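Student: Encoded as structure tokens, here's the structure I'll be asking about.
The values are calculated or read from the model by the stated rules, or taken from the named source; none is laboratory data. Because the structure is a prediction, the values reported are computed rather than measured. Glycine gets a Cβ as well: all are built from the backbone with ideal geometry, and neighbour counts include every protein chain shown.
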Amino acid sequence: MIRVENLSKSFGSFTAVDNISFDVGKGEIFAFLGPNGAGKTTTIKMLTTLMQPTSGKIWLDGLNAMDGAANKHLARKSFGIVFQDPSLDGDMTGQENLELHGVLYHVPRRQARERIENLLKLFELWDRRDVQVKKYSGGMKRRLEIARGFLHTPKILFLDEPTLGLDPQSRNQLWAQVKQLNEQEQVTVFLTTHYMDEAERVAHRVAVIDHGKGVALGTPAEIKERTGTETLEEAFLALTGTEIRDESADPAAMMRQFAQMWRR
């Protein structure tokens with residue numbers, strides 16, 4: 001469903017992503033892990049057509065996503081995105097936020113109504129559908145954003161730190177709901193997270209990137225075996241070191257950039 005071949009991105013003399021390659025199969029939950037500043041956000045920008053690679057190729061659902069504006073537009077129709085920072089309209093209700101998304105993605109009205117009801121019930125938001133989003137808790141907002149990402153029945157869903165800041169109960173609930181849709185609809189899920197226990201629990205396979213280079217790829221069990229560790233967190237530290245990294249990415253800017261592309 002996703003194929004990345006020799007992908008690189010440089011900014012002047014700095015190489016943010018350095019010749020990485022990987023494949024993600026249909027219906028797979030794939031965790032893309034790395035320390036802050038490792039190149040994760042730059043990679044997601046390229047995968048979601050927000051940024052042109054310096055070199056390399058990207059295929060999404062068999063489509064060369066970098067081959068001209070027409071292919072980029074078709075590729076965008078095949079995926080949904082949920083970035084770290086909130087992107088909901090707080091003055092609109094939960095249902096209105098989803099209805100707007102349906103219009104932007106040209107989901108037929110009758111189909112959208114049915115899909116919205118099903119998603120709001122699955123994510124346990126149906127009883128709050130007519131409440132303004134600014135009155136939602138943090139966990140409710142994240143569930144609504146992920147429900148919105150599923151609304152147009154994407155083949156691929158990109159989740160960038162989807163459970164950041166949520167309590168363990170909310171995290172477990174959210175992943176149970178995502179896994180249910182992943183299994184029922186065979187949606188490919190490409191996620192980033194700093195919660196290694198989460199990645200170990202939900203991901204079928206994991207890729208680790210550090211300083212722009214791919215350093216590991218396989219199932220959590222395979223990566224633990226390779227590093228001689230008992231947990232994925234220990235394996236991650238063995239592969240990437242223990243020094244503290246700074247984060248410079250701006251997910252909100254990514255969402256604004258993506259919205260601008262759709263309006264063109």
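Student: Quick check, is Arg148 out of contact with any Pro (no Cβ under 6 Å at 6 or more places or on another chain) and under 22 Å from Leu100 (Cβ atoms)?
Tutor: Here the answer is yes, as Arg148 does meet what is asked.
Student: If a residue must be more than 26 Å from Lys26 (Cβ to Cβ), out of contact with any strand residue (DSSP E or B) (no Cβ under 7 Å at 6 or more places or on another chain) and of a type in the set (D, E, K, R), how many such residues does the stretch 198-224 contain?
Tutor: Number of matching residues: 1.
Student: In the stretch 60-97, how many are surrounded by 18 or more Cβ atoms within 10 Å (Cβ to Cβ) and over 30 Å from Lys134 (Cα atoms)?
Tutor: 6
Student: Please specify each residue of the stretch 10-27 satisfying the condition of being of a type in the set (Phe, Trp, Tyr) and surrounded by 14 or more Cβ atoms within 10 Å (Cβ to Cβ).
Tutor: Across the stretch 10-27, the qualifying residue is only Phe22.
Student: Determine whether Ala199 is of a type in the set (A, V, I, L, M, F, W, C), surrounded by 14 or more Cβ atoms within 10 Å (Cβ to Cβ), closer than 21 Å to Leu237 by Cα and in contact (Cβ under 8 Å) with a residue 40 or more places away in the chain.
Tutor: Answer is yes for this residue.
Student: Going through the stretch 10-57 one residue at a time, which ones are without any contact (Cβ under 8 Å) to a residue 60 or more places away in the chain and over 16 Å from the mean Cα position of the chain (by Cα)?
Tutor: Across the stretch 10-57, the qualifying residues are Ser10, Phe11, Gly12, Ser13, Phe14, Gln52, Pro53, Thr54, Ser55, Gly56, Lys57.
Student: So, one more: Hey, could you check the stretch 28-59 for residues that are among the aromatic types (Phe, Trp, Tyr) and surrounded by fewer than 24 Cβ atoms within 10 Å (Cβ to Cβ) and say which is modelled with the lowest pLDDT?
Tutor: Trp59
Student: Then there's this: Considering the stretch 101-117 alone, what residues qualify as being within 21 Å of Met140 (Cβ to Cβ) and loosely packed, with under 15 Cβ neighbours inside 10 Å?
Tutor: Listed by number, the list holds a single entry, Glu117.
Student: Same structure again: Among the residues of the stretch 63-103, which ones are touching a residue at least 12 places away in the same chain (Cβ under 8 Å) and of a type in the set (A, V, I, L, M)?
Tutor: Leu63, Ala65, Met66, Ala75, Ile81, Val82, Leu88, Met92, Leu98
Student: Let me ask something else. Out of the stretch 122-159, which residues are surrounded by fewer than 23 Cβ atoms within 10 Å (Cβ to Cβ), at negative phi, without any contact (Cβ under 8 Å) to a residue 60 or more places away in the chain and of a type in the set (D, E, K, R)?
Tutor: Within the stretch 122-159, Asp127, Arg128, Arg129, Asp130, Lys134, Lys135, Lys141 meet the criteria.
Student: At negative phi, at pLDDT below 95 and either of a type in the set (Ser, Thr, Tyr) or in contact with a Cys (Cβ under 9 Å, 6 or more places away or on another chain) (or both): is that true of Thr242 in this structure?
Tutor: So Thr242 passes the test.
Student: Can you run down the residue pairs with Cβ atoms below 8 Å, 6 or more apart or on separate chains, where the first is in the stretch 160-171 and surrounded by fewer than 22 Cβ atoms within 10 Å (Cβ to Cβ) and the partner is at pLDDT below 90 and in a helix (DSSP H, G or I)?
Tutor: Glu161/Pro251
Student: Restricting to the stretch 132-146, name every residue that is under 13 Å from the mean Cα position of the chain (by Cα) and either of a type in the set (A, V, I, L, M) or more than 23 Å from Lys40 (Cβ to Cβ) (or both).
Tutor: Ile146
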